[in-house]
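Just below is one structure, and these are the notes that go with it.
The values are calculated or read from the model by the stated rules, or taken from the named source; none is laboratory data. Not measured: the values here are computed from a predicted model. Cβ coordinates were reconstructed from backbone atoms using ideal geometry, including for glycine residues, and neighbour counts include every protein chain displayed. We work out accessible area using only protein heavy atoms, side chains counted, and drop any ligands, DNA or RNA first. Shrake-Rupley method; radii C 1.70, N 1.55, O 1.52, S 1.80 Å.
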Amino acid sequence: MLMYLTALVFAMVGGSYAAVPLYRRFCQATGYGGTIQRRESVEEKIARHAKDGTVTEREIAVQFNADVADGMPWKFTPTQREVRVKPGESALAFYTAENRSSTPITGVSTYNVTPMKAAVYFNKIQCFCFEEQRLLPGEQIDMPVFFYIDPEFETDSRMDDINNIILSYTFFKVSED
């Protein structure tokens, strides 16, 4: 009985460590919660649309949101509130995080894209999400997000009423046991 209970404890601890990467893969595979699905790589999409000579006219406002979880003593803000891009263009945006506590803190962020039906067309090329960020007391860093909106956004009739996309990040404190 002791062996089974010990094995159960180890399985639960292992499951808790695996939860974030497993959840990330689940969300990327299903598009759950506005997370971007991965099918074709961004580089492949850019090359395909460049080869096809795809030209887009419609301008989309990408707005940025930043939150911190309860108990996280960080100030976390987007450097700019909005950028305007045409489908097929890539863009660079920055977020700023500052540790306002007197101790070093490690945080990890998650993101989502709304409206959820637009998430399949929003592709992050480079991002700080799901990577641990350790900030010393009073330290402030700028973190880039490089993204691309697929030109197929413009030809999808379900996107006709969408002129704004919101990219939202939430930082959580990583326990340091």
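Along its three principal directions, the equivalent ellipsoid of the stretch 42-173 from the Cα gyration tensor extends over semi-axes of 32, 14, 11 Å, largest first.
When DSSP beta bridges are restricted to pairs lying wholly in the chain, around 80% turn out antiparallel. Taking 7 Å steps out from each Cα toward its Cβ at Met1 and Ser16 produces label points 2.4 nm apart.
Taking the average, over residues, of other Cβ atoms within 10 Å as the packing measure, peptides 138-144, 6-12 rank 138-144, 6-12 from highest down.
Using alpha carbons only, how many degrees (0 to 90, rounded to 10) separate the axis of helix 42-52 from the longest principal axis of the chain? The answer is roughly 10 degrees. Relative to the longest principal axis of the C-alpha atoms of the chain, give the angle of the C-alpha long axis of helix 2-30, reported between 0 and 90° and rounded to the nearest 10°. Between the helix axis and the principal axis of the chain, the angle is about 10 degrees. The label-point distance for Ala61 and Glu98, in a model that sets each label 7 Å from Cα toward Cβ, rounds to 2.7 nm.
For the chain, the number of Lys pairs separated by eight or more positions or lying on different chains, with C-alpha atoms closer than 28 Å, is 11. Accessible surface of Arg24, taken over heavy atoms with a 1.4 Å probe and every protein chain present, rounds to 60 Å².
Relative protection proxy for 113-121, 85-93, from highest mean packing down: 113-121, 85-93 (other beta-carbon atoms within 10 angstrom).
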